Amino acid sequence: MKKILIVDDDANILFLISEVLTRNGYEPLMAYSGASALELVKNHRPELVVLDIMMPGIDGFEVCRAIKADPGLAAVKIILLTAKIESADIQAGIAAGADAYFTKPFKIAELLEKIRELVG
């Protein structure tokens, strides 16, 4: 079963995505902060991370850059899922190494389709 880490400081989003992933044959992991996300990525090696940008402490851009800078983790796929809709934010996300960028509110079916495209 493929592991997918969901990182968001909003519990409702975490549980919604987690439930959908479970029903579709994935093993969801959850983190509420960037620091805990980095720890989970290093310890559990998920295939993909669904990552919010605006979080207390380490933000999603920093988490994305840290994952992509680590040779042992660089292959992990990252989807940024955020309320930041400006083109500069999207460009910053792609520059940080994100494989996809979704804005909130989002359609869960489209997110699931992109997850399947990235990790099967």
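Being outside any helix (DSSP H, G or I) and acidic (Asp, Glu) is the filter here; which residues of the stretch 1-46 pass it?
8, 9, 10, 27
Look at the stretch 22-65 and say how many of its residues are surrounded by fewer than 18 Cβ atoms within 10 Å (Cβ to Cβ), in contact with a Lys or Arg (Cβ under 9 Å, 6 or more places away or on another chain) and within 14 Å of residue 82 (Cβ to Cβ).
Qualifying residue count for the region: 1.
What number of residues within the stretch 66-83 are part of a loop (DSSP other than H, G, I, E, B), among the aliphatic types (A, V, I, L, M) and surrounded by fewer than 20 Cβ atoms within 10 Å (Cβ to Cβ)?
Total satisfying the criteria: 4.
I need the full set of residues from the stretch 1-16 which are at pLDDT 95 or above, among the aliphatic types (A, V, I, L, M) and closer than 15 Å to residue 47 by Cβ, in order please.
Result: 4, 5, 6, 7.
Checking residue 98 against (1) in contact with a Cys (Cβ under 7 Å, 6 or more places away or on another chain); (2) free of Cβ contacts under 8 Å to residues at least 24 places away in the same chain: exactly one of these is not met. Which one?
Failed condition: (2).
Across the stretch 98-113, what is the number of residues that are crowded, with 18+ Cβ neighbours inside 10 Å and either of a type outside the set (A, V, I, L, M, F, W, C) or more than 21 Å from residue 26 (Cβ to Cβ) (or both)?
Counting residues in the stretch 98-113 that are crowded, with 18+ Cβ neighbours inside 10 Å and either of a type outside the set (A, V, I, L, M, F, W, C) or more than 21 Å from residue 26 (Cβ to Cβ) (or both) gives 2.
Out of the residues in the stretch 46-58 meeting the condition of being of a type outside the set (A, V, I, L, M, F, W, C) and modelled with pLDDT of 95 or more, tell me which one is farthest from residue 2 (Cα to Cα).
So the residue we want is 52.
So residue 105 passes all but one of these: (1) outside any helix (DSSP H, G or I); (2) at pLDDT 95 or above. Which condition number does it fail?
Only one criterion in (1) outside any helix (DSSP H, G or I); (2) at pLDDT 95 or above is unmet by residue 105, namely (2).
Quickly run through the stretch 84-96 and pick out the residues that are exposed (fewer than 11 other Cβ atoms within 10 Å of the Cβ) and either of a type in the set (A, V, I, L, M) or not in a loop (DSSP other than H, G, I, E, B) (or both).
85, 87, 88
The values are calculated or read from the model by the stated rules, or taken from the named source; none is laboratory data. What you are looking at is a predicted structure, and each value in this text was computed from that prediction instead of being measured. Positions of Cβ are backbone-derived with ideal geometry, glycine not excepted, and every protein chain shown enters the neighbour counts.
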